[in-house]
Structure formats: C-alpha cells, structure tokens
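The values are calculated or read from the model by the stated rules, or taken from the named source; none is laboratory data. None of these values were measured; they are calculated from a predicted model. With ideal geometry, Cβ positions are generated from the backbone for all residues, glycine too; neighbour counts draw on all protein chains shown. For the accessible areas, the whole protein counts, side chains as well, though only heavy atoms, and no ligand, DNA or RNA atoms are used. Shrake-Rupley method; radii C 1.70, N 1.55, O 1.52, S 1.80 Å.
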Amino acid sequence: MNDLIDEHAPNLKKFFEEKPHIKSAISAADGNMYYIPYLPDGKYGRAYWIRTDWLNKLGLDMPETVEDYEKVLRAFKTQDPNGNGQADEVPYFARQWPELIRLVTLWDGRSSGSDTYHDFMVEDGKLAHPYAGEGYREGIKNLARWYADGLVDAEIFTRGSSARDFLLSENLGGSTHDWFASTSGYNRLSADIEGFEFKAMAPPASVSGKRIEEHRRIPIKPDGWAIGGMNKHPVETIKYFDFWFTEEGRRLANFGVEGMHYDMVDGKAIFKPEFLDQGPVNRSLYQVGSQLQGRGYFQDYGYEIQWSNEFALEGIALYDEGDYLIDQFLGVAFNADEQKVYDRYWGSVRDYMLERQQAWVLGNGDVEAEWDDYTAQLEKKGLGKVLEVMQSAYDRQYAK
Ligand code: CA
C-alpha cells in the first residue's frame, strides 16, 4: 500500500510519519505495508487489585513490596477476613492462569514481552525469551512455594474465565491482576457484601526494589483491513481507508454520530447520558458500527474514560503517577527462510516450557534441581535457532 498511501491518502501518510515505530511494526520483510491495522489507544490494561476492606479489617497496610504482599496474602488465608469461621479465602486468583506466572516479575523475572502471553521480549536490542531467564527461575520457585502454602488458588490452572466473578461474588477472592475498567465494576458488590471494596494497588516492589507493571495495551492489533489483488478500484479503496483517519472519520469510528450518540462540548465528543445509560457502552457502540475491531482505525481513549468508574480512574491515576509501564516487543515479520526455522522449532520449545512451568508450580519437580537440564533441553529443542531468526528479523525491521 506504500505508493497508494503516498499518492492518495494524506491522513494515513501523516499518521505514519508521526508514528514511524508503527510503520516499522506493520511493515513486511520486503519493507512494504500490506494492511491498515486497528490501533488501540490508551496505555493501561491490567493492574493489581486487592480487597482493601480486608486489609482494614485485619489492620494491614497496602503492600509495598513482594514481602509485604506475601504477608498480606498469608493473612487473608489464615485470619478469616470474610468472617465465616472457615479458612476458605482464596488469596490470589486469576481468570487467566498466565496472570499467576506474571507474578515472576516480583522476583525480577518476566512472563512476556508484549500483551500476548508467553511472548518473546527485547532487552537492549537483543531478543530473549522470558522463560529462560534467571529471574523467572527464582520467581517460579517462589510461586511454587506460594501455591503449596495455599496463597494461590488451588484451581488456578482450571477455574478459568469465571474465576473473578465467582470468587468476588462469593466473598472469597482477595487479590488478582486484571483489567481496570471491568474489575473496578465489581465494587457494585458492596450492595450485597458489607464493606466490600476492591481497589487497584501499585505493583509491589520486587526483591531488588523494582516496581513494574508488565502488562499494557499494545498499540497495534493484527486486526484491520487490506486491499485484495483483484480489487479494480484500489485508489477509491485507499481513499475510503484514509477517511477513517480524518478527524471526522476517527470520531465516527469512536463515538458514533454527532447529535445522536454524542455532542461536541469544548471541542470534545461527549456521549449523551441516555446513550451511556443504554447498557454496556462497548456493546451499544458496536451496534451502531463504532469501535469495530475489524476496521483499520485509530481508537480514541476518550471514549472509554467517560464510562470508567471512580475506582478505575483512581487506579489509573496511581499507575500514571508511579510510571510503572515498561517497553513492549511489537513483533517481527519473518522472511520465508526465517519463518521455516520458527515453524519447525518454536512449537515444541513452547510446549516444553509450559509443561515444565505448570509442573513446577504444582510441585511436580524442583526448579532449582532441574534448571540446568531444562535450559539444556531448550537448546536441544531449538530455542537458540528460533532466537537467531527472531533477531535477524528484528534487526532488519527496527534497526533503521
Ligand atoms: Ca473465611
């Protein structure tokens, strides 16, 4: 699309000139762009959440370090904060089990380099895999201990997507790592559970004192649109794509229709109260053809902030102030030879990593005793070869 954009799409051209890293990230191995992506806006995705009313009940402060966090989770397990006389609390839980692995960051490990679980990462321009690092080894060792001590949901690998809804509604769950907007909504449970309060907490400091939030929104999704080779009207098509990058088009894609769904107030699109009251705002917008993820468009976070509740906004402000986010790996585009190497080796390396990871957390095996054999197996299964092609693709794509 490069020539079409240059000649017929001034708004797309301007967008890519202002954001060269996005252009690099969506360029194929031959340097050309073949699709216009959906581009999420906003930085924050997930945060740590904790039952602050339980902290108050047990006379505990908000945890500041990994040691504090462990003490708090242990107190949730042993001191009956829900007051029913049973040790039925589930101190740490997650809807997606990789959010348990995420906690290796508290021991200076990493669980992913992007918003995709188990992804590669970049450190000082070098590709690496988080599951081969020393901090990861230390983290898994400690998470296995937490699991054995009951600080982690015994069903963490199997409970699945209903975990948050079930454990919070039943007054059992203590802490998780999940999305701002949707998790903050559970404070509505205070109507049924006396004192219920679930607030975002800053990432606890790791063993070396680092406070990071590993998860953030990725700026580019693989969703979007392209022009087929048989299309007889590529110029008209690229002009249509370009429309969605005009001010008017971007507003239409994000907020719907002026006067019907939103009004302009001081130069900003503000949703009409009756539109916000129609139910889940994402769904209402989708129904009128806005916020469609299959469209190539640039999201405007202003659409979401208008319906984030006070707990979400307070949490986002906390994360903003602490500046905990870290850089993200935006992926690589392989050439044909690199792709072959990746396809041949990566699947079995990944399977082996995940199999050992789960076994170690569940107490089947000893990460310390098995680490050297583990890294030797990774090499034997081809991790080094995969990293080599990732690196060559990365250097080609991002070096300039
Ligand atoms: Ca209890």
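Yes or no: D119 among the charged types (D, E, K, R), more than 16 Å from the ligand (Cβ to nearest atom) and either within 17 Å of the chain's Cα centre (by Cα) or modelled with pLDDT under 95 (or both)? So D119 passes the test.
Among the residues of the range 1-60, those identified as open to solvent by less than 20 Å² (accessible area, probe 1.4 Å) and among the basic types (K, R) are R46, R51. Taking the criterion of being in contact with a Gly (Cβ under 8 Å, 6 or more places away or on another chain) and within 16 Å of the ligand (Cβ to nearest atom), the residues of the range 30-55 that qualify are R51, D53, W54. Scanning the range 58-70 turns up no residue that is within 20 Å of R216 (Cβ to Cβ), in the same structural domain as Y44 (by TED's automatic domain parsing), in contact with a strand residue (DSSP E or B) (Cβ under 7 Å, 6 or more places away or on another chain) and more than 16 Å from the ligand (Cβ to nearest atom). A Cβ distance below 9 Å, combined with a sequence gap of six or more or placement on separate chains, defines the contacts here; from the range 165-177, residues that are under 21 Å from G45 (Cβ atoms) reach residues that are more than 14 Å from the ligand (Cβ to nearest atom) and open to solvent by 30 Å² or more (accessible area, probe 1.4 Å) in the pairs D165/R95; L167/R159; G173/F166; T176/R95. Within the range 241-272, the set of residues being open to solvent by 50 Å² or more (accessible area, probe 1.4 Å) and farther than 15 Å from V288 by Cβ comprises F243, E247, E248, R250, D263, M264, V265, D266, G267, K268, I270. Find the residue count for the range 122-132, including only residues that are open to solvent by less than 40 Å² (accessible area, probe 1.4 Å) and modelled with pLDDT under 95. Final tally of qualifying residues: 1.
Looking only at the range 79-107, residues that are over 12 Å from A154 (Cα atoms) and either open to solvent by less than 30 Å² (accessible area, probe 1.4 Å) or more than 10 Å from the ligand (Cβ to nearest atom) (or both) come to 13 in all.
On the given criteria, is N142 within 16 Å of the ligand (Cβ to nearest atom) and either modelled with pLDDT of 95 or more or of a type in the set (G, A, S) (or both)? No, not satisfied. Considering only the range 43-63, I want to know if a residue exists there that is at pLDDT 95 or above, assigned to a loop (DSSP other than H, G, I, E, B) and either of a type in the set (K, R) or within 30 Å of K232 (Cβ to Cβ) (or both). Taking every residue of the range 43-63 in turn, none turns out to be at pLDDT 95 or above, assigned to a loop (DSSP other than H, G, I, E, B) and either of a type in the set (K, R) or within 30 Å of K232 (Cβ to Cβ) (or both). Take the range 2-32 and flag every residue that is modelled with pLDDT of 95 or more and not acidic (D, E). Selection gives N2, L4, I5, H8, A9, P10, N11, L12, K13, K14, F15, F16.
Residues that are open to solvent by less than 70 Å² (accessible area, probe 1.4 Å) and in a helix (DSSP H, G or I) were ranked within the range 273-282; the one that is modelled with the lowest pLDDT is V281. From the set of residues in the range 133-165 that are surrounded by fewer than 17 Cβ atoms within 10 Å (Cβ to Cβ) and hydrophobic (A, V, I, L, M, F, W, C), which is farthest from L378 (Cα to Cα)? Among residues in the range 133-165 that are surrounded by fewer than 17 Cβ atoms within 10 Å (Cβ to Cβ) and hydrophobic (A, V, I, L, M, F, W, C), the one farthest from L378 (Cα to Cα) is A154.
Among the residues making up the range 166-185, those that are under 20 Å from the mean Cα position of the chain (by Cα) and either at pLDDT 95 or above or aliphatic (A, V, I, L, M) (or both) are S175, T176, H177, D178, A181.
Residues in the range 142-158 that are outside any helix (DSSP H, G or I) and either in contact with a Leu (Cβ under 8 Å, 6 or more places away or on another chain) or of a type in the set (G, A, S) (or both): G150, L151, V152, D153, A154, I156, F157.
The conditions of being surrounded by 13 or more Cβ atoms within 10 Å (Cβ to Cβ) and out of contact with any Phe, Trp or Tyr (no Cβ under 6 Å at 6 or more places or on another chain) are not met by K221.
Yes or no: E170 surrounded by fewer than 18 Cβ atoms within 10 Å (Cβ to Cβ) and within 16 Å of the ligand (Cβ to nearest atom)? Answer is yes for this residue. Any residue that is open to solvent by less than 10 Å² (accessible area, probe 1.4 Å), touching a strand residue (DSSP E or B) at 6+ places or on another chain (Cβ under 7 Å) and within 16 Å of the ligand (Cβ to nearest atom) - is there at least one of those in the range 199-206? No, the range 199-206 has no match at all. E314 fulfils the conditions (1) open to solvent by 60 Å² or more (accessible area, probe 1.4 Å); (2) closer than 30 Å to F243 by Cα; (3) among the acidic types (D, E) except for a single criterion, (2). Only one entry of D323, D327 meets the criterion of being exposed (fewer than 15 other Cβ atoms within 10 Å of the Cβ) and over 30 Å from N11 (Cβ atoms), and that entry is D323.
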